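Read through the structure below, which is laid out as structure tokens, and then see the notes.
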Amino acid sequence: MTAPATESRPRDVELLERCGDACRRLETQVARAVVGQGDVVEAMLVTLLARGHALLVGVPGLAKTLLVSSVAQALGLSFGRVQFTPDLLPADITGTDVLNEVEAGRVTRRELSFMEGPIFKNLILADEINRTPPKTQAALLQAMQERQVTVGGVTHELPDPFQVFATRNPIEQEGTYQLPEAQLDRFLLEVHVEYPSEDEEREIARRTTSGALPELEPVITIEEVRELGQLIPRIPVTDEAVDFAVRLARASRPDGEDAPESVRRYVRFGAGPRGSQALVLAAKARAAMRGEAVADVDDVEAMVLSALRHRLVLSYRAEADRVRDADVVEGVLDAVGR
């Protein structure tokens, strides 16, 4: 495989070395609070480096909330949590204009001022995002895409970095709402949090019942977080990897020439161009995590399930035949060739 020709960038080489070291220190620090879940932590770090957003899917009690808050502490980022409920309003997330009385000498006048909502933090935990109606979910759309919110006709910039980690319970349906496709498409990755192993669960039971959890210390500064985020788009990627990512995304569409039978049978709508973009960007971030100077086909393959599964709209036949999004993505991988 050949990488595109690039000029020597001593600064980028230095940043790449620091990136691999910083990720190892972050993983070590998070492991002080969270037992196991190494694959999930890796996917979260990929999301952070790529300046994207992630949807964490798992049953209650798997430390999804603890994972996000621990990463925020280890990065030294400001952290905001929004507990999504059916009665949550958009203003409860973005903030709102409030009327204040201001004294100027002997005169008291009223002025509107903007009161920031919890979204004005570096790292946002949108807890149980599917528990609020689409109207409130839509309050995140502009923020996740443009890193800004508009309230009362005035646009407010969000902090840099700004990233959303949302959680969703896959088994509870009462009092929940389907996430709109436009919302799902804004998540770089969908990461499934699985049950711990027996040994890990034994350690969880021991550690969490023996006193307070350890306080995590920031291992990198917010300036370093910004620098590493700016590095990822500059990471070279092989032509073969880009071609592989595009073919995977196109094969997930039922009307695509390379779509396998499982896609034509069970998929209503496949991944759009954001799917191939997400694959390439996540592959670059994964390569940088490992200190590799070039993202290749292996990096794309490693990220394909997390990057594409939530971008597939499955048919009713898939539900009837108990076909999962992971099964469809596996069929796409087999059809395109590994």
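The values are calculated or read from the model by the stated rules, or taken from the named source; none is laboratory data. Keep in mind that what you see is a predicted model, and the values were worked out from it rather than measured. Positions of Cβ are generated from backbone atoms using ideal geometry, with glycine treated the same way; all protein chains shown enter the neighbour counts.
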- Message: Being surrounded by fewer than 16 Cβ atoms within 10 Å (Cβ to Cβ) and within 26 Å of residue 130 (Cα to Cα): is that true of residue 311 here?
- Response: no
- Query: Just wondering, is there one or more residues in segment 207-226 that are farther than 29 Å from residue 161 by Cβ, part of a helix (DSSP H, G or I), out of contact with any Asp or Glu (no Cβ under 8 Å at 6 or more places or on another chain) and of a type in the set (Val, Ile, Thr)?
  - Reply: no
- Under 9 Å between Cβ atoms, at least 6 apart or on separate chains: pull out the pairs that start in segment 128-139 with a residue that is more than 9 Å from residue 88 (Cβ to Cβ) and end on any residue that is basic (Lys, Arg) and not in a helix (DSSP H, G or I). 128/168; 129/168; 130/168
- Message: If a residue must be surrounded by fewer than 17 Cβ atoms within 10 Å (Cβ to Cβ) and free of Cβ contacts under 8 Å to residues at least 24 places away in the same chain, how many such residues does segment 216-253 contain?
- Response: 3
- Does at least one position in segment 267-280 carry a residue that is farther than 20 Å from residue 50 by Cα and in contact with a Ser or Thr (Cβ under 6 Å, 6 or more places away or on another chain)? yes
- Query: Picking from 116, 111, which residue would you name as being touching a residue at least 12 places away in the same chain (Cβ under 8 Å), within 26 Å of residue 218 (Cβ to Cβ) and either over 22 Å from the mean Cα position of the chain (by Cα) or outside the structural domain of residue 22 (by TED's automatic domain parsing) (or both)?
  - Reply: 116
- Query: residue 39 fails exactly one of the following numbered conditions: (1) modelled with pLDDT of 80 or more; (2) surrounded by 18 or more Cβ atoms within 10 Å (Cβ to Cβ); (3) of a type outside the set (Lys, Arg); (4) closer than 20 Å to residue 168 by Cα. What is the number of that condition?
  - Reply: (2)
- Matching residues in segment 255-267 (surrounded by 16 or more Cβ atoms within 10 Å (Cβ to Cβ) and in a loop (DSSP other than H, G, I, E, B)) number 3
